[in-house]
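Peer 1: Before anything else, here's the structure in question.
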Amino acid sequence: MRDFIDKHAPDLLLLQETHLRPEHSFSIPNYICYRNDRTNSVRGWGGTAILIKRNISHFHVPTPPLLTGVETTLVALTPTDQEPFMVASFYAPPNPNCADLDTLFKIFNTGIVAGDYNAKHTSWGCVSSDPRGNYLLRYITNNKLDLIAPPTPTRYGFNSASTIDYALIKNLNWPCTADSLAELSSDHNPIRFYFPLNLKFPRLN
């Protein structure tokens, strides 16, 4: 991961299924790390985190109570030329639905919620649609959200490939490209979201 960060130098890195416990230390030079570890002893392999460059003005947003088993870590970016907006690292285990998206998108008027949705639909490049994908498409349509997904699959299993890692964006009419990168060693590829913007942030020491 450190080699990947040195190569790509992302402003933010959103992580899901970190497998971190509270007793585990984790840090990357020049980044601040926010994390929510799963402490359940039976299913302790989840967890989410956000790494953000130290020179980007932001603040940590406490995770609100969530009801359907999804996990998330949130920050708010604070550029000088617009209102703060939310960025969330999101993980939905295969069984629960994604109803908690309402809770997240009500925190800020604008935001990006990206990660592993475990939801398939032909609308974003999957070969078939599942019930959660059908629910998510209705939610996106009813709430006027944008879904940004790469043109190639994000997860590779045994004789299968699917697109279940992507971003939902609310009230940010920005150009964006997404790429599924064949790097690292997970069955999920890292996804690179690129916003060709020049946001202005306060100068930080």
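Peer 1: Please arrange Thr73, Thr177 by accessible surface area, largest first, computed with a 1.4 Å probe and ligands excluded.
Peer 2: My answer, sorted largest first, is Thr177, Thr73.
Peer 1: Which far-off residues, 5 or more places away or on another chain, put their amide H under 5 Å from the one on Phe85, with H placed in the peptide plane?
Peer 2: Leu77
Peer 1: Can you sort Arg2, Arg155 by 1.4 Å-probe accessible area, starting with the largest?
Peer 2: So the residues, ranked largest to smallest area, are Arg2, Arg155.
Peer 1: While we're looking at this one, here's another question. Taking a temperature of 20 °C and a viscosity of 1.002 mPa s, what whole-number D in µm²/s does Stokes-Einstein yield for the range 2-80 with Rh from Kirkwood over alpha carbon pairs?
Peer 2: 157
Peer 1: Now, a different point. With a point put 7 Å past each Cα toward its Cβ, work out how far His24 is from Phe158 in nm, to one decimal.
Peer 2: Distance between label points: 2.5 nm.
Peer 1: Cross-chain or 8 or more residues apart, Cα under 29 Å: how many lysine pairs in the range 1-150 fit that? Count them up, please.
Peer 2: Qualifying lysine pairs in the range 1-150: 5.
Peer 1: Using a 1.4 angstrom probe on the protein heavy atoms only, could you order Trp174, Trp124 from most to least accessible area?
Peer 2: Most to least solvent-accessible, the answer reads Trp174, Trp124.
Peer 1: Kindly write out, for the range 11-28 in residue order, the coupling ³J(HN,Hα) from the Karplus curve 6.51 cos²θ - 1.76 cosθ + 1.60 (θ = phi - 60°), rounded to whole Hz, with x marking Gly and Pro.
Peer 2: 5, 9, 10, 9, 10, 10, 6, 6, 6, 7, 10, x, 7, 8, 8, 7, 8, 10
Peer 1: If you take the C-alpha gyration tensor of the chain, multiply each eigenvalue by 5 and take the square root, what semi-axes do you get, largest first, in whole Å?
Peer 2: Value: 24, 21, 18 Å, ordered largest first.
Peer 1: Still on this model: Which whole-Hz ³J(HN,Hα) couplings does the range 126-135 yield from phi under the Karplus relation 6.51 cos²θ - 1.76 cosθ + 1.60, θ = phi - 60°, glycine and proline marked x?
Peer 2: With coefficients 6.51, -1.76 and 1.60, one gets 7, 7, 8, 10, 10, x, 5, x, 5, 4 Hz.
Peer 1: Once the whole set of protein chains is in place, how much accessible area is left on Cys176, using a 1.4 Å probe, in Å² to the nearest 10?
Peer 2: Only protein atoms counted, so the area is about 30 Å².
Peer 1: Next question. Would you mind classifying the range 137-181 by shape? Square roots of the alpha carbon gyration tensor eigenvalues, ordered a ≥ b ≥ c; an a/c under 1.5 is rounded, otherwise it is prolate if a/b is larger than b/c and oblate if not.
Peer 2: oblate
Peer 1: Calculate the spin-label point distance for Thr122 paired with Phe195, positioning each point 7 Å from the Cα along the beta-carbon direction, and give it in nanometres.
Peer 2: My value for the distance between the label points is 3.3 nm.
Peer 1: What fraction, in whole percent, of alpha-carbon pairs in the range 87-164 exceed 14 Å separation?
Peer 2: More than 14 Å apart: 63 percent of the Cα pairs in the range 87-164.
Peer 1: At 7 Å along Cα-to-Cβ for each site, give me the label-to-label distance between Gln82 and Leu67 in nm.
Peer 2: The modelled label-to-label distance comes out at 3.1 nm.
The values are calculated or read from the model by the stated rules, or taken from the named source; none is laboratory data. Quantities reported herein were computed from a predicted structural model and do not represent experimental measurements. Here Cβ is always computed from backbone atoms with ideal geometry, including for glycine, and neighbour counts include all displayed protein chains. The area values use the complete protein model at the heavy-atom level, side chains included, leaving out ligands, DNA and RNA. Shrake-Rupley method; radii C 1.70, N 1.55, O 1.52, S 1.80 Å.
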